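The values are calculated or read from the model by the stated rules, or taken from the named source; none is laboratory data. Computed from a prediction, not measured in an experiment: that's the story for all the values here. Here the Cβ positions follow ideal geometry from the backbone for every residue, glycine too, while neighbour counts run over all protein chains shown. Ligands, DNA and RNA are stripped out before the accessible areas are found, and what is left, the full protein with its side chains, is counted by its heavy atoms. Shrake-Rupley method; radii C 1.70, N 1.55, O 1.52, S 1.80 Å.
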Amino acid sequence: ADYYRRFYRPERALFVAVGDLDPADIEAKVKAKFADWKGEGAPTVDPEQGPVKKRGLVARSHVEANLPESVIVSWFQPPDDAPDTFAERERNAKRNVAFEVVNRRLARIAREPNAPFVAAGIGRSITRGTSNALTLSVSARPGQWRTAMNAVEQELRRALEYGFHQSEVDREVKAWRAGLEDDVAKATTRRTANLANAVVSEFASRGVFSNPSVDLAHFEKYAPTLTPDVARDFLREIAQGEGPVVFVSSASPINGGDAAVAAAFEENQKTAVAALKKTEAKEFPYTAFGTPGTVSERREVEDIGVTMVRFANGVRLTIKPTKFEKDTIYVNTRFAGGYIHMPRNKIGLNWALPFGFIEGGMKKLTTDELEEALTGRIVSVDLDVDEDSFAFDGRTNTRDLLLQMQLTAAFVTDPAYRGNGLERLQGAAENFIKQYSSSPSRVISREVPSLLRSNDPRWAFPSLKQMQALTIADVQSTMKPVLSGAPIEVSMVGDVDVDAAIEAVGATLGALPARAASLSEPKGARDVRFPAAKAARTFTHEGPADQASAYAAWPAPDFFSNTRRARTIALLREMIKVRLTDEFREAQGATYSPSVGSWHSGALPGFGYLSATAE
């Protein structure tokens, strides 16, 4: 209550309204509702934080069960509270191009076999009135904080001493330009809620909310000044702060404690670094997939504005043009497969497969080479796993629609199945798995998916041993039959031309050999049932002893056997949520946010559930 009285006050409030409204009308309503609002007591004054402390190397460590192994290294400078001007944005861009190049180098290292760290990044944090900081953040494998810290610190020194190649800077400039051009193209159909949040965000950081066209025009003015020397100079400028302050967190004891951390950092700084060798970017080679496929069937579903197409090879395409987001097209390419095709003896494959497959890249391009070849283009591919399907999801625009489909078809026809992505995931697995013991809600999210399906191992959460036993061959044996012959359905929604969509799919997936009408399934693959008998289960967590969660679930039907019944249960779900909120939050004050969920399977006959939980 004291916090509320001191900070929820009219002189600290900003009201933002965005949408189909009359400004005069909104202003009158705001005055009517808020004109008599007065804060209790004298207005609060923000505390003076004082100057940045003079210091050299400071090392600290913290050990606690289930903590991920991580390292943070920071250098602090006095706060730069300069107003948001075009000149200041240009200075930030020159700093940020250096960060982007270093981060791309770190990402490349993380993808290497036996990489010294799981993930790492460099950035600048600004705390108004307090400090600016250059920070290295490192995620390490358990027990490997020293190796991870050393590798990242050396990479920063490599950039400080030798700078960057012109090709590296050019790549970032190209990517920025493409992003800004994409923002301009979509500007007139931005969601009003997002606009309101953007205005508030800029205000909170003392920034100026500006139109994407203004941002792009200003970028083009200073883009020629973004050179390797300029980027290195700005990186050197911010790397001269007080410190470094080195912080290591771990779930395992650190032999020697803080002193060992400090000694490791000092010793590593004596290691000489060499300039990075220049590499040449490769072109995207996947542009031809055979004779474009012919359309064997096309029909219009006029009441919902959908065009449905079937190609001669069996590939289906559904197109729904909309004007909700200008120059934006969402593409979903769905294959028969999914959980029901997962082997029951490979627990954890549902977690490992999507990242392991995509990170494996293609036979002609590693993931790094692929990202570089696609710089400046608006295309993407992520792999999702559903009950009875695998799906490549992506976002593109009219200019890059063909490339989007070429990228998708390349993953279908020429995946490399390199093991580096899976190995990287396994390197992080111990940190990741331990965190699912650290709180009641995480334990529930770990146990429930399999429990609600009568302990079906395909939905089970893996142990560390099970996760580390997986191989890229497991990924390949699951995906290869799907990609080579399973039915394919492509869905496109957005600012898309129907004929252009048909042409793009025809030249790629439609040009592949004929697809089977169905994918053979293991016996009993869809035999998934809610537990038949009532049962109470108790699980323990390793977080604070005064925390607990209650979870209850009841069987519900699938979706397609009776869609009206499924939608009726969805209404029931919302009514139960209101009652739980009224009772547990309002009346008892026992929990902040009780939740209720429901699931009606679209693929597993007779399977569904209704659930409720509260911490």
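The share of accessible area on segment 248-357 that comes from carbon and sulfur is 53 percent, using a 1.4 angstrom probe. Charged neighbours of Gly56, selected by a Cβ distance under 12 Å, balance to +1 (K, R count +1; D, E count -1). Estimated purely from DSSP H runs of n ≥ 4, each contributing -39500 (n - 2.57), the mean residue ellipticity at 222 nm for the chain is -12000 deg cm²/dmol once divided by its residues.
What's the FRET efficiency of Ala187 with Val45 using the Cβ-Cβ distance as r and R₀ = 60 Å, to the nearest 0.05? It comes to 0.95. Report the full-extension gain for the segment Glu447 to Asn197: residue separation times 0.36 nm, less the Cα-Cα distance, to one decimal in nm. Length gained, Glu447 through Asn197: 86.4 nm. In this simple spin-label model, placing a label point 7 Å from the Cα along the Cα-to-Cβ direction at both Val578 and Ser484 gives a separation of 5.6 nm. Ignoring lysines fewer than eight residues from Lys323 along the same chain, the ones with Cα atoms less than 28 angstrom from its Cα are Lys174, Lys186. Placing pseudo-labels 7 Å out from each Cα toward the beta carbon at Met308 and Ala17 gives an inter-label distance of 4.5 nm. The lysines within cross-link reach of Lys480, meaning a Cα-to-Cα straight distance under 22 Å and a gap of 8 or more places when in the same chain, are Lys346, Lys363, Lys364, Lys523. Per residue, the solvent-accessible area of segment 462-615 (1.4 Å probe, heavy atoms of protein chains only, all protein chains present) comes to 59 Å². Look at the alpha carbon pairs under 8 Å that are at least 6 residues apart: their mean separation over the length of the chain gives a relative contact order of 16 percent. In this structure, Asp527 and Glu112 have a Cβ-Cβ separation that, at R0 = 60 Å, corresponds to a calculated FRET efficiency of about 0.90. Just to be sure I follow the definition: excluding the sites themselves, where is the longest run in the chain that has none of the trypsin sites (Lys or Arg not before Pro) in a DSSP loop with at most 11 other Cβ atoms within 10 Å? Between the exposed loop sites, the longest stretch runs 55-269. Hey, of [x] 31.2; [y] 27.2; [z] 28.4, which did the structure itself give for Kirkwood radius over Cα pairs in Å when calculated? Answer label, from the structure shown: [z]. For the pair segment 293-357 / segment 200-276, the C-alpha centres are spaced 41 Å from each other.
Looking at segment 270-354, the GluC sites (Glu not before Pro) that sit in a DSSP loop and have at most 15 other Cβ atoms within 10 Å of their own Cβ are Glu280, Glu283.
By a straight-distance test (C-alpha under 20 Å), which lysines pair with Lys38 as possible cross-link partners, with residues fewer than eight away in the same chain excluded? Qualifying lysines at Cα under 20 Å: Lys29.
Averaging Cα coordinates gives a centre for segment 561-585 and one for segment 386-400; these two points are 31 Å apart. The relative contact order of segment 222-381, computed from alpha carbon pairs under 8 Å that lie at least 6 residues apart in sequence, is 15 percent. Projected label points at Gln468 and Arg6, each 7 Å from Cα along the beta carbon direction, are separated by 4.8 nanometres. Given their separation in residues at 0.36 nm each and the Cα-Cα distance between them, Ser205 and Lys38 gain 57.6 nm when the chain is fully extended. For segment 129-149, the residues whose backbone nitrogen is under 14 Å from a point 7 Å from the Cα of Val63, taken along Cα to Cβ, are 143-145.
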